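Structure first, commentary second.
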Amino acid sequence: MRSSVSVLIGGSAGQGIASIETLLTKGFKRGGFYTFSTKEFMSRVRGGSNTTLIRISDKPVNAPDFKVDIFVPLDTNAFFHAKERITNETFVVAKKGDYECDCVLYDYDLESLAKEIGNPIVSNTIAAAFIFGLLGCDGAVLREIVAESYTDELLEVNLKALEIGSELARENGNCRYCIEPNPSMKENNDFFLSGTDGVGFGAIAGGCNFISSYPMSPSTGVLTFLAKQSRNFGICVEQAEDEIAAFQMGLGVWYGGGRAITTTSGGGFALMGEGLSLSGITETPMVVYLAQRPGPATGLPTRTEQGDLELAIYSGHGEFPRIVLAPGDPKECFELARKAFELADAYQVPVILMSDQYLADSYFTVERFEIDPISPPHHIVKSDADYKRYFLTEEGISPRGIPGYGEGLVLVDSDEHTQEGLITESMSVRNEQNGKRLQKFELIKEEAITPEVNGDRDIAVVGWGSTQHIIKEAVERIADKRLSIVHFSWVYPLSESQLAPLQKAKHLIVVENNATGQFAKLLRLHGVSVDEQILKSDGLSFFVDELSEKIALLLKEIR
């Protein structure tokens, strides 16, 4: 009996890969399995070669393997695109003669079978039922889901397709790749969420009432998520003409007392640099969701990378405080998105929430948590007649008033300014105001979230953001007692307490989805000695089997 199974579906855009993914993931979850899915796709509406990986287990599984157990290519391009992921034990469901591989081939022409019942597109439903049967799952679960999803003729043809797929599985003995479900999973209410879902729910819980964005993958999902929920939660949605306008609109909302977010990727964030600096000097809160993809320039618009960390930390001219957060799964996406609004409001700084295409588009089985919006604390004061927007305080945070709430004028300016908000060129005032702004760095560090630490051993594998569960499972597979894990979700500014776990280890291995080791460079700036780096920047995330092999090779050199 296997502990987990990886199923890969491949085909071109428009062949219904998403339909198979939806049907199977719903079915597996209802059938009692922990389920994870991730996808990689080309930047085109039709054609190309795309894949979706679904991994199931009787225990929590939240990361992908490169090698797969079952592969269903819906066309020849898909087969050759993913051929390296096949082993001699992989079950490939395809027409004999079209493909040659050292694998276990199930010779079926799914499209021809679908045409026989009048609709070639339901070949994906046949495939789903066949896979379900190979895994020994209850076909009634799929019939229930199809009945919920279709009506009339579409329902009838999809039910026929399910029966064909189930019959094919029966012909081959069923349960050829059997995996035992977890009985408790059938009864629990765990969520099945993507990183995008987590950020969207977190924004709602954080009191977001305005989103202004210019669509840019892979961040657009949060824009569309909040747009769909806008009537339910009182969110104003604006698709701006460009990223510059999107950021400035958000600043205006915060200035007026609202809570705004803007979403973008690296190229759009580059355009927001001036607005970020404006947020810094006017001490106006702002929340930015930065979903990374490979650059430079347009790069690989539908792929993944952790290449924008330095952009997030250093963008915007001048020196001013900011906060950079990087969740590792949908639950952290929720928690940190909600926290981003509170931090921005409390410290009057921009907060950048970093994700990437892998995390944004992958679905995880997540322990249920409350997603109802809370009544978040607002750090707004009612101004009196002699109100000073930039009043010098001992801790460096000035009372934040908003227009129309109280008797005072709320003056802000992009020039250096006095306590009242009036333009100044006084060097002494400049030193006072600049010092006040930078003083917030130390306060912010006191809020820093300590990294997740698994073990206290000689060799620490260090990561940040979306590599969290990939690193965790890779280290578990190696089962070397010298290994521990230190994973960061708060990446800037770093505090001494955050770095303490790293100082205990004798050897550090930093894992990053980029080419230059940007987080490792940040650690070195803080006096941390990084011994080894494992880097990847081909547009794909790490895979558990791939990463475990690379870590194991390094361990042979470490005595």
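A short reminder: the numbers here are calculations on the coordinates, not readings from a lab. This is a predicted model, so every value here is computed, not measured. Every residue, glycine among them, receives a Cβ derived from its backbone with ideal geometry; neighbour counts consider all protein chains shown.
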**Request:** Hey, can you grab everything whose amide H is under 5 Å from the amide H of ILE534? Only 5+ residues off in sequence or another chain; H modelled, so Pro and N-termini drop out.
**Result:** VAL510, VAL511, GLU512
**Complete:** Scoring only Lys, Arg, Asp and Glu (+1, +1, -1, -1) among other residues with Cβ under 12 Å from the Cβ of VAL122 yields -3
**Prompt:** So, in nm, how far is label ASN188 from label LEU525 when the simple model puts each one 7 Å beyond its Cα toward the Cβ?
**Reply:** 3.9
**Asked** Say the dipole of the chain comes from +1 at the beta carbon of Lys and Arg and -1 at that of Asp and Glu; which of VAL366, VAL349, PRO399 then lies farthest toward its positive end?
**Response** VAL366
**Request:** Rounded to the nearest 500, what is the 222 nm mean residue ellipticity of the chain from helices alone, with -39500 (n - 2.57) per DSSP H run of 4+ residues and division by all residues?
**Result:** -11500 deg cm²/dmol
**Request:** List every residue whose amide H lies under 5 Å from the amide H of GLN292, counting only residues 5 or more places away in sequence or on a different chain, with H placed 1.01 Å from N in the peptide plane.
**Result:** SER355, ASP356, GLN357
**Asked** Residue separation times 0.36 nm, minus the C-alpha to C-alpha distance between SER428 and ALA479: what's the value?
**Response** 12.4 nm
**Asked** Among residues other than SER219 whose Cβ falls under 12 Å from its Cβ, what is the net charge (Lys/Arg +1, Asp/Glu -1)?
**Response** -3
**Message:** Here are labelled values, (i) 77, 56, 44; (ii) 84, 63, 43; (iii) 65, 55, 47, and one is the computed Cα extents along the principal axes in Å for what I pasted. Which one?
**Reply:** (ii)
**Prompt:** What does the charge add up to near GLN419, with Lys and Arg as +1, Asp and Glu as -1, over the other residues with Cβ less than 10 Å from its Cβ?
**Reply:** +1
**Complete:** Phi-derived 3J(HN,Hα) across the range 293-299 with the Karplus relation (6.51, -1.76, 1.60, θ = phi - 60°), rounded Hz, x for Gly and Pro, is 9, x, x, x, 6, 5, x
**Asked** Of LYS59/LYS339; LYS506/LYS556; LYS59/LYS481, which sit over 24 Å apart, Cα to Cα?
**Response** LYS59/LYS339
**Fill in**
Checked the range 227-343 against the a/c 1.5 cut and the a/b vs b/c comparison, axes a ≥ b ≥ c from its Cα gyration tensor; verdict rounded
**Message:** Per residue of the range 254-271, what does 6.51 cos²θ - 1.76 cosθ + 1.60 with θ = phi - 60° give for ³J(HN,Hα)? Whole Hz please, x for Gly and Pro, Karplus curve as stated.
**Reply:** 4, 4, x, x, x, 10, 10, 9, 10, 10, 6, 10, x, x, x, 5, 4, 6
**Message:** Of all beta bridges DSSP finds with both residues in the range 192-366, what is the antiparallel percent, to the nearest 5?
**Reply:** 15
